[in-house]
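This report refers to the structure that appears directly beneath it.
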Amino acid sequence: MPRYEIHGGTPLEGSVTISGAKNAAVAIIPAALLVNGVCRIENVPDISDVHNLLNILTQMGARIRREAGGIVEIDCTDVPYTEPDADLVRKIRASYYLIGAQLGRYGKAKVAMPGGCNFAPRPIDQHVKGFTALGATVLEEDGMVDARPGPDGLRGNRVNLDVVSVGATINIIIAAVLVPGQTIIENAAKEPHIVDLANFLNTMGARISGAGTDVIRIKGVKSLRGGFYSIIPDQIEAGTYMAAVAAVGGNVMVNNVIPKHMECITAKLREMGATVTEYEDAIRVQRTGRLRRATVKTLPYPGFPTDMQGQIGVCMTLAEGVSRITESIYETRFFAYCDEFTAMGANIQVNGKTATITGVEKLYGASVAAHDLRAGAALVIAGLAAEGQTFVDNIHYIERGYENLVGKLTALGAKIRRVED
Ligand code: EPZ
């Protein structure tokens with residue numbers, strides 16, 4: 001099994017270029033099923049979640065062409081209704097967007113329940129609420145989601161989400177774009193990748209307004225045409241490198257970012273004593289002295305992202321004083337890394353939704369295992385900051401969402417290798 005071998009303690013220096021946003025790409029690729037024509041998409045990250053989704057679309061009959069430099073062309077023009085391969089679907093979370101895409105395109109959908117990172121219960125009742133509001137009858141049985149048109153067919157409607165859900169917001173947008181009438185999503189999520197998906201669909205001829213606010217309006221159109229689209233930079237990948245510099249020390253220019261998307265992370269790292277300088281599409285992070293304690297509460301965008309919880313957690317393990325993280329999206333997410341941090345010398349106590357972290361002078365290398373994508377990234381940062389040698393196992397989780405992590409870190413002077421156990 002491949003694992004990462006890390007020799008910690010070397011400050012990070014140089015520059016790193018951020019790839020296209022994973023969580024935008026994994027929504028835009030299934031949404032291409034709605035399009036009658038060729039979607040030429042740029043800045044597609046080279047990660048296993050994307051490979052899996054492209055494999056699913058290929059298996060469904062799409063014509064896919066990949067070019068160097070993160071360009072993917074997807075042509076779903078003549079794709080007949082096909083059930084996506086259940087084994088492939090269960091490999092990733094974002095395969096649930098195929099339900100919305102099939103419903104929008106064919107008026108019916110049958111897709112296996114999604115897989116993906118399992119750090120907490122991840123229900124899809126709000127997705128189902130949206131599909132039902134559009135007129136579908138949705139059954140969940142034998143590990144499958146089966147959505148069919150109800151007696152009056154599909155029609156735009158008002159959906160008020162009970163929880164702010166990224167996935168439900170995206171899935172309802174995808175399902176509604178080709179449905180006659182107007183759909184209004186209230187209490188919608190506002191993450192940058194929701195805006196990116198709406199921009200992609202609008203470029204192809206959809207009529208979506210309000211993405212990025214909590215009320216999104218979708219006026220159904222008859223068809224979408226092909227076109228060109230460039231995916232935004234990955235907020236969480238950028239945040240991960242920023243946190244890495246803060247935890248490990250050094251001076252790094254993080255290129256290809258949208259500084260506005262990073263504000264919450266930038267503010268927290270500054271509060272902790274890192275020097276963060278914003279440029280038009282880059283951010284420089286420097287850290288020399290010891291970090292200071294902080295408190296973080298994870299929230300939907302524009303709040304502090306839950307996907308950065310572990311990475312900021314590493315910074316806190318080394319900061320002076322007692323820090324706190326309150327997790328308000330996925331309560332059980334601490335357990336994905338808490339024991340591993342402790343094995344490396346961190347002092348972390350979890351009580352329900354809150355982790356209390358008392359900073360230590362040093363972390364020490366250990367053999368640890370990733371239990372999900374972001375916890376895995378946090379362990380890599382911890383290994384880079386620690387004294388001695390760290391092995392990180394289960395790196396397939398990390399490779400779901402970080403393009404060329406080893407190459408990018410190596411270019412910053414980190415001593416990290418992908419080795420076979
Ligand atoms: C998306 O997951 C991201 N995944 C996650 O990133 C991210 O952690 C999460 O949003 C929160 O920002 C993708 O975009 C593919 P939610 P998603 O629906 O859409 C509850 C990563 O590492 N909820 O916004 O599945 C849910 O339990 C991944 O990149 C319901 O109750 O998350 C949670 O408490 C991990 N019913 C909250 O809402 C539903 O139907 C937010 O979940 C849906 C969600």
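Observations
- Taking the criterion of being open to solvent by 20 Å² or more (accessible area, probe 1.4 Å) and of a type in the set (F, W, Y), the residues of region 228-249 that qualify are F228, Y229.
- Scanning region 5-45 for residues that are closer than 30 Å to L363 by Cβ, in a loop (DSSP other than H, G, I, E, B) and within 16 Å of the ligand (Cβ to nearest atom) gives I18, S19, A21, P45.
- Region 104-223 holds helices (runs of 4 or more DSSP H) entirely within its bounds, and those carrying 1 or more residues that are in contact with a His (Cβ under 6 Å, 6 or more places away or on another chain) map to 166-176, 192-203.
- Any pair with Cβ under 6 angstrom, 6 or more apart, that starts in region 154-166 at a residue that is within 13 Å of the ligand (Cβ to nearest atom) and modelled with pLDDT of 95 or more and ends at one that is in a strand (DSSP E or B) and of a type in the set (A, V, I, L, M, F, W, C): V159/I185
- Criterion: modelled with pLDDT of 95 or more, out of contact with any Cys (no Cβ under 6 Å at 6 or more places or on another chain) and either within 16 Å of the ligand (Cβ to nearest atom) or over 23 Å from I236 (Cβ atoms) (or both) - qualifying residue of Y330, Y337, Y364: Y364
- Selection within region 167-215: residues that are acidic (D, E) and open to solvent by less than 40 Å² (accessible area, probe 1.4 Å). The member of this set that is nearest to the ligand (Cβ to nearest atom) is E191.
- Test: F335 is open to solvent by less than 10 Å² (accessible area, probe 1.4 Å) and in contact with a strand residue (DSSP E or B) (Cβ under 9 Å, 6 or more places away or on another chain): no
- Search result, residues across region 46-89 that are without any contact (Cβ under 8 Å) to a residue 24 or more places away in the chain, among the aliphatic types (A, V, I, L, M) and open to solvent by less than 70 Å² (accessible area, probe 1.4 Å): I64
- Residue match in region 149-164 (condition: within 28 Å of E399 (Cβ to Cβ), among the aliphatic types (A, V, I, L, M) and open to solvent by less than 20 Å² (accessible area, probe 1.4 Å)): no
- Single residue of region 90-123 satisfying the filter (open to solvent by 30 Å² or more (accessible area, probe 1.4 Å) and within 16 Å of the ligand (Cβ to nearest atom)) that is nearest to S19 (Cα to Cα): R93
The values are calculated or read from the model by the stated rules, or taken from the named source; none is laboratory data. Given the structure is predicted, the values throughout are model-derived calculations rather than measurements. Cβ atoms come from the backbone with ideal geometry, glycine included; neighbour counts cover every protein chain shown. Side chains included, ligands, DNA and RNA excluded: accessible areas come from the protein's heavy atoms. Shrake-Rupley method; radii C 1.70, N 1.55, O 1.52, S 1.80 Å.
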